[in-house]
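Heads up: the structure comes next, in structure tokens.
Nothing in this text is a laboratory measurement; each read-out follows from the coordinates by a stated rule. Just so it is clear, the model here is predicted, and its values are computed rather than measured. So basically every Cβ, Gly included, is an ideal-geometry build from the backbone, and we count neighbours across all protein chains shown.
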Amino acid sequence: SVYKNGYMVGYSDGLFAPEYNLVLSEAIKVFVDLLGFGSQADAQGGYPSGYAKVASSFSLYKGVSCGFNDTVKKKDIANLLYNVMETPVAKMVSFEKGGVNYATSGEETFMTELMEIYRVNGVMTDNGVSGLTGSSDVSINQVVCGDVIMELAPGKAYARKYLGRRVMAYYSIA
């Protein structure tokens with residue numbers, strides 16, 4: 001659970017107050033812990049300053065317009081969630097006297113590790129109807145971006161119009 005794993009611990013009296021407004025510093029604490037960087041944040045001063053530093057180092061504030069102690073708006077939560085999805089996940093690499101050592105890989109993000117959703121950036125070279133070099137090499141319900149062949153979701157044929165354009169696309173491996 002979120003409480004058992006320490007992602008949320010409530011206020012100093014141990015109680016949760018779901019009727020209260022969430023402030024950015026509290027949201028940042030939850031997200032930094034979810035990403036596995038709570039120990040790093042604690043080593044840099046703990047809550048709230050250490051968490052603020054770690055969040056900043058991973059650009060979690062990108063697109064967030066409220067201040068650190070201000071109530072978080074829906075658009076800020078949406079931007080935070082997007083930033084979290086693109087952030088590298090900390091994985092334990094060793095255990096030594098005095099603590100656990102973590103490392104990240106630019107390839108393993110919260111989105112890839114926990115949701116198995118991947119991102120590709122590149123030129124769409126085939127749209128299932130035609131390719132940049134002639135006829136299509138994939139089926140009508142597929143597109144090719146970079147070196148990835150992706151199935152189009154039902155009703156998403158409009159994606160074909162991006163043939164020859166640089167795109168950023170998300171996909172899962174079935």
(message) How far apart, in nanometres, would the label points at residue 62 and residue 161 be if each is projected 7 angstrom from Cα along the Cα-to-Cβ direction?
(response) 2.6
(request) Treating the Cα atoms of the stretch 23-99 as identical point scatterers in vacuum, please give the log10 of the normalised Debye intensity I(q)/I(0) at q = 0.10, 0.11, 0.13, 0.22 Å⁻¹, two decimals. (result) -0.23, -0.27, -0.37, -0.95
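Of 53/73; 62/156; 53/91, which pairs sit farther than 23 Å apart, going by alpha carbon to alpha carbon? Walk me through the numbers on the way to the answer.
Values: 53/73 21 Å; 62/156 29 Å; 53/91 19 Å.
Result: 62/156 exceed 23 Å.
With viscosity set to 0.890 mPa s and temperature to 25 °C, compute the Stokes-Einstein D of the stretch 87-174, Rh being the Kirkwood radius across alpha carbon pairs; µm²/s, no decimals. Each step should come with its number before you reach the end.
On the way: Rh = 15.0 Å.
Stokes-Einstein gives a translational diffusion coefficient of 164 µm²/s.
Short version: what are the Cα gyration tensor semi-axes of the chain, square root of 5 times each eigenvalue, largest first, in whole Å? Intermediate results must be reported in sequence, preceding the final value.
Details: eigenvalues 311, 75, 37 Å².
Taking √(5λ) for each eigenvalue gives 39, 19, 14 Å, largest first.
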(request) Would you look at the GNM of the chain, springs on alpha carbons closer than 10 Å, and say which of 94, 56, 105 moves the most? (result) 94
(request) For residue 29, go through the aspartates and glutamates and keep the ones whose alpha-carbon is under 12 Å away, minus same-chain ones fewer than eight residues off. (result) 42
(request) Treat every Asp and Glu Cβ in the chain as -1 and every Lys and Arg Cβ as +1, leave all other atoms uncharged, and give the resulting dipole magnitude about the Cα centre to the nearest 20 debye. (result) 500
